[in-house]
């Protein structure tokens, strides 16, 4: 990434377009969450990446909406089907993009709009490289002595499954493991229920809330496993961040992950009668530095992104 700067976040859907800039396309328009509000409507965030003097620059839609409204880019990258319709509604000019790529994480767009897409890559068909600063922050973490700490890096939210996880546990039988809930606490009623369930099940729980990057990395470095028992979660990025910090994962069977990383964790059904026994047995396994080494050999941007770019470039050229 030398020579490129961006104001975008560390999410792979921001960083992948930068590789496109380096590879072939002179300009990229990307569409991704979180939602921005125009008037009384919500539409996805739209950003522009251009190649200028060897530098990648990002212009967010809030400050560049007028300019975006007249652009016909070389490449349009859209995250999720429903966002495509909303994007075309706001910026109809983007329909004329020379090449359009869709990464559906759930619903596909309506048939009449789906035909406007040149290439589709299901979100769960790829691995998601952690950002370089994750790798930097967790350098040497394979040698860290860790306690019996499970890191649940997600907003306390119904779909993320915190309450269901605790309900599936037997009272006082988690064997001294601590659970750190790190993420937004915007649902006070649900947070109250989760706290109460921690007390009922005699589990030591810490509700950290949302934290800045340095503090978040400390939680990653101090944990022994990533825990994510979501009701539905397509290929969550936090699993990959955990691997970069040498954390094997425990995820629900409703979390969709590519086969290539499944050997570095375990997926469990919270409704299974053997859930707790299976969980405790897994937590005793010693992975050594396998997650850490796997991440550095197979999850870096330099390894993952060129393959995706090649597939899309071949499609763009009709190969």
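Quick notes on this structure:
- Of the criteria (1) outside any helix (DSSP H, G or I); (2) within 20 Å of residue 249 (Cβ to Cβ); (3) touching a helix residue (DSSP H, G or I) at 6+ places or on another chain (Cβ under 8 Å), which one residue 173 fails: (2)
Let's see how each residue does on (1) surrounded by 12 or more Cβ atoms within 10 Å (Cβ to Cβ); (2) in a helix (DSSP H, G or I); (3) in contact (Cβ under 8 Å) with a residue 12 or more places away in the chain:
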residue: 266; (1), (2), (3): yes, no, yes
residue: 271; (1), (2), (3): no, no, yes
residue: 277; (1), (2), (3): yes, yes, no
residue: 314; (1), (2), (3): no, yes, no
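Rundown of residues vs (1) at pLDDT 95 or above; (2) closer than 19 Å to residue 165 by Cα, yes/no style:
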| residue | (1), (2) |
| --- | --- |
| 223 | yes, yes |
| 230 | yes, yes |
| 234 | no, yes |
| 239 | yes, yes |
| 254 | yes, yes |
| 259 | no, no |
| 279 | yes, yes |
| 291 | yes, no |
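- Subset of the stretch 70-95 (residues that are part of a loop (DSSP other than H, G, I, E, B) and more than 23 Å from residue 15 (Cα to Cα)): 70
- Matching residues, the stretch 131-164, being within 15 Å of the chain's Cα centre (by Cα), touching a residue at least 60 places away in the same chain (Cβ under 8 Å) and not in a helix (DSSP H, G or I): 131, 152, 153, 154
- Members of the stretch 129-162 found to be more than 21 Å from residue 211 (Cβ to Cβ) and crowded, with 19+ Cβ neighbours inside 10 Å, listed by number: 129
- The set of residues in the stretch 86-108 that are farther than 28 Å from residue 260 by Cα, crowded, with 16+ Cβ neighbours inside 10 Å and in contact with a helix residue (DSSP H, G or I) (Cβ under 7 Å, 6 or more places away or on another chain) comprises 87, 88, 91, 94, 99.
- Among residues of the stretch 208-245, those that are part of a loop (DSSP other than H, G, I, E, B), under 17 Å from the mean Cα position of the chain (by Cα) and under 11 Å from residue 141 (Cβ atoms), counted: 1
- Residues in the stretch 163-179 that are farther than 19 Å from residue 271 by Cβ and crowded, with 19+ Cβ neighbours inside 10 Å: 179 alone.
- Members of the stretch 109-130 found to be within 18 Å of the chain's Cα centre (by Cα) and in a loop (DSSP other than H, G, I, E, B), listed by number: 121, 122, 126, 127, 128, 129, 130
- Selected residue (criterion: nearest to residue 139 (Cα to Cα)) from residues of the stretch 279-295 that are assigned to a helix (DSSP H, G or I) and out of contact with any helix residue (DSSP H, G or I) (no Cβ under 7 Å at 6 or more places or on another chain): 293
- Put simply, of 286, 259 the only residue that is exposed (fewer than 14 other Cβ atoms within 10 Å of the Cβ), closer than 30 Å to residue 75 by Cβ, free of Cβ contacts under 8 Å to residues at least 60 places away in the same chain and not assigned by TED's automatic domain parsing to the domain that holds residue 103 is 259.
The values are calculated or read from the model by the stated rules, or taken from the named source; none is laboratory data. Small disclaimer: the values here were computed from a predicted structure and weren't measured. Every residue, glycine as well, gets a Cβ built from its backbone with ideal geometry; the counts of neighbours run over all protein chains shown.
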